[in-house]
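See structure below.
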Amino acid sequence: MDNKAWAESVLSKVEKKMKAVVERNAHKVPYITDNGVYDNRDGDQISWWTNGFWGGVLWEMAALTGDSWYEDLAYEMENKLDRNLMCAEQLDHDNGFKWLLTSVYHYKKTGNQEARNRSILAAENMAGRYNLAGHFIRAWNDHVRDKEDVRGWAIIDCMMNLPLLYWASDETGDPRFRHIAKSHADRVIDAFIRPDGSACHIVEFDPETGERVKSYGGQGYGHGSSWTRGQGWAIYGFALSYIHTGEKKYLETAKRVADYFIASVPESNLVPCDFRQPAEPALEDTTATSIAACGFIEIAKATGEEKYLDAAVSLLKTLEEKRCNWDPAVDNLVEKGTVAYHNSEHERGIVYGDFYFIEALMKLAGIEYFPW
Ligand code: GLY
């Protein structure tokens with residue numbers, strides 16, 4: 001079976017499973033499962049950073065099935081996020097994850113002006129986070145977090161949010177948004193990417209002078225470690241910056257991190273939470289696998305280098321064989337996603353794990369869906 005036929009066969013199982021999952025969770029804002037049941041991040045948790053992914057899953061299913069039921073639910077999700085959009089303290093660099101997958105995609109599909117308005121507001125707010133002295137987009141809002149001053153913190157995840165700024169420049173004709181996105185990406189190349197091709201999770205800059213201060217292990221094992229989801233954000237994020245700008249340095253960076261990732265995958269083909277974690281506990285993170293696979297597929301498309309496509313297919317096949325739960329009564333599709341190494345939410349079903357797994361399969365099957 002070729003890759004396309006394989007992906008199509010898995011997507012037909014996805015379609016059946018997700019119909020049941022969406023019926024049960026239609027009006028919730030799912031994030032993470034506990035014993036196979038999704039929580040609900042509506043209400044006072046509406047600003048949670050993952051709250052664009054459920055809308056993303058709904059749009060994926062709409063693209064896969066052509067069923068307008070999914071679209072209607074995606075609009076409902078987009079509307080719910082207005083409570084977040086109207087709360088300045090809860091807007092941050094994750095505006096990309098929240099509104100690219102909901103209002104921007106909606107606007108691109110239908111020209112809906114309300115969706116455009118939301119998207120522009122989200123992009124303008126994100127652009128306003130740019131630190132002119134340090135050439136980076138600030139990650140979070142709190143002044144102090146866990147006793148650390150975070151005004152100068154930037155995180156690798158933000159690479160995935162830059163397409164909101166590329167979109168805003170394309171849409172408005174104003175190059176400022178693109179300048180900011182590129183400036184941030186350039187700073188990430190020199191401040192986050194290590195000589196061996198691995199990426200730091202968090203880098204602190206002095207918010208006044210812009211000097212790089214130090215890095216943090218963040219959601220990975222520790223200082224100097226290599227959190228696998230962060231490697232995925234770097235691989236796919238830089239591939240997206242290449243797609244939006246055509247600048248080779250971004251493709252080269254995506255390849256450097258991808259080469260490091262591929263060389264670090266253990267023989268089992270099951271990706272740990274951190275490539276530098278101790279042997280025990282053997283924590284996995286399947287979300288990292290799917291994110292990286294999406295990036296590998298885009299690198300293969302851009303370069304024609306088969307090794308990236310082969311790596312994506314091999315990892316996705318392992319997920320399908322060993323880590324997918326096809327029981328329609330269980331809410332998550334992919335098992336063993338890990339929120340963070342030093343956190344109690346280990347090896348759970350997480351909405352973005354399913355989102356990127358489905359996205360990767362849709363890329364292989366040649367189904368039109370590109371929200372970035
Ligand atoms: N953006 C946080 C994470 O990847 O978990």
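Quick check: is even one residue across the stretch 317-326 away from the ligand (no atom under 15 Å from the Cβ) and buried (at least 24 other Cβ atoms within 10 Å of the Cβ)?
Applying the first criterion (away from the ligand (no atom under 15 Å from the Cβ)) to the stretch 317-326 yields 317-326.
Okay, now just the ones that are also buried (at least 24 other Cβ atoms within 10 Å of the Cβ), so 319.
Yes, because at least one residue in the stretch 317-326 is away from the ligand (no atom under 15 Å from the Cβ) and buried (at least 24 other Cβ atoms within 10 Å of the Cβ).
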**Message:** Being of a type in the set (D, E), modelled with pLDDT under 95 and not in a strand (DSSP E or B) is the filter here; which residues of the stretch 138-162 pass it?
**Reply:** D142, D146
**Message:** Going residue by residue through the stretch 290-298, is there one that turns out to be closer than 13 Å to V265 by Cα, part of a helix (DSSP H, G or I) and open to solvent by 20 Å² or more (accessible area, probe 1.4 Å)?
**Reply:** no
**Request:** Could you tell me whether the stretch 8-18 includes any residue that is within 29 Å of S314 (Cβ to Cβ), of a type in the set (D, E, K, R), outside any loop (DSSP other than H, G, I, E, B) and open to solvent by less than 30 Å² (accessible area, probe 1.4 Å)?
**Result:** yes
**Matching entry among D186, D190, D146, D174 (being under 20 Å from L100 (Cα atoms) and surrounded by fewer than 21 Cβ atoms within 10 Å (Cβ to Cβ))** = D174
**Item:** Number of positions in the stretch 109-135 that are buried (at least 24 other Cβ atoms within 10 Å of the Cβ) and of a type in the set (A, V, I, L, M)
**Value:** 3
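With the structure loaded, tell me whether K322 is outside any loop (DSSP other than H, G, I, E, B), within 18 Å of the chain's Cα centre (by Cα) and at pLDDT 95 or above or whether it fails that test. Spell out the reasoning first.
Working: outside any loop (DSSP other than H, G, I, E, B): yes; within 18 Å of the chain's Cα centre (by Cα): no; at pLDDT 95 or above: yes.
Taking the combined requirement at face value, the residue does not satisfy it.
Tell me whether the stretch 347-366 contains one or more residues that are open to solvent by 10 Å² or more (accessible area, probe 1.4 Å), among the acidic types (D, E) and either in a strand (DSSP E or B) or on the phi > 0 side of the Ramachandran plot (or both).
There is at least one residue in the stretch 347-366 that is open to solvent by 10 Å² or more (accessible area, probe 1.4 Å), among the acidic types (D, E) and either in a strand (DSSP E or B) or on the phi > 0 side of the Ramachandran plot (or both).
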**Message:** Which pairs turn up if I take residues in the stretch 93-108 that are free of Cβ contacts under 8 Å to residues at least 40 places away in the same chain and buried (at least 24 other Cβ atoms within 10 Å of the Cβ) and look for partners that are in a helix (DSSP H, G or I) and of a type in the set (S, T, Y) with beta carbon separation below 6 Å, at least 6 apart in sequence or on another chain?
**Reply:** S103/S119
**Prompt:** With respect to N141, is the statement that it is at negative phi, open to solvent by 10 Å² or more (accessible area, probe 1.4 Å) and more than 16 Å from the ligand (Cβ to nearest atom) true?
**Reply:** no
**Request:** Mind counting the residues in the stretch 191-236 that are over 26 Å from Y308 (Cα atoms), in a loop (DSSP other than H, G, I, E, B) and in contact with a Ser or Thr (Cβ under 6 Å, 6 or more places away or on another chain)?
**Result:** 1
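Could you identify the single residue in A181, A254 that is touching a residue at least 60 places away in the same chain (Cβ under 8 Å), touching a helix residue (DSSP H, G or I) at 6+ places or on another chain (Cβ under 9 Å), open to solvent by less than 10 Å² (accessible area, probe 1.4 Å) and not charged (D, E, K, R)? Give the steps one after another, and end with the answer.
Details: A254 fails: touching a residue at least 60 places away in the same chain (Cβ under 8 Å).
Every option except A181 fails the conditions.
Could we say that A62 is part of a helix (DSSP H, G or I), touching a residue at least 24 places away in the same chain (Cβ under 8 Å) and either more than 22 Å from A168 (Cα to Cα) or out of contact with any Cys (no Cβ under 8 Å at 6 or more places or on another chain) (or both) here? First the steps, then the outcome.
Values: part of a helix (DSSP H, G or I): yes; touching a residue at least 24 places away in the same chain (Cβ under 8 Å): no; either more than 22 Å from A168 (Cα to Cα) or out of contact with any Cys (no Cβ under 8 Å at 6 or more places or on another chain) (or both): yes.
It is false that A62 is part of a helix (DSSP H, G or I), touching a residue at least 24 places away in the same chain (Cβ under 8 Å) and either more than 22 Å from A168 (Cα to Cα) or out of contact with any Cys (no Cβ under 8 Å at 6 or more places or on another chain) (or both).
Scan the stretch 48-97 for residues that are within 16 Å of the ligand (Cβ to nearest atom) and under 18 Å from Y369 (Cβ atoms) and report the count. Spell out how you get there, then give the answer.
First, the residues of the stretch 48-97 that are within 16 Å of the ligand (Cβ to nearest atom): 48-54, 56, 84, 90-97.
Then keep just the ones that are under 18 Å from Y369 (Cβ atoms); that gives 52-54, 56, 96-97.
Final tally of qualifying residues: 6.
The values are calculated or read from the model by the stated rules, or taken from the named source; none is laboratory data. Since we're looking at a predicted model, the values are computed, not measured. Virtual Cβ from ideal backbone geometry, glycine too; neighbours counted across all protein chains shown. The protein model used for the area step is the full one, side chains on, heavy atoms only, and it has no ligands, DNA or RNA in it. Shrake-Rupley method; radii C 1.70, N 1.55, O 1.52, S 1.80 Å.
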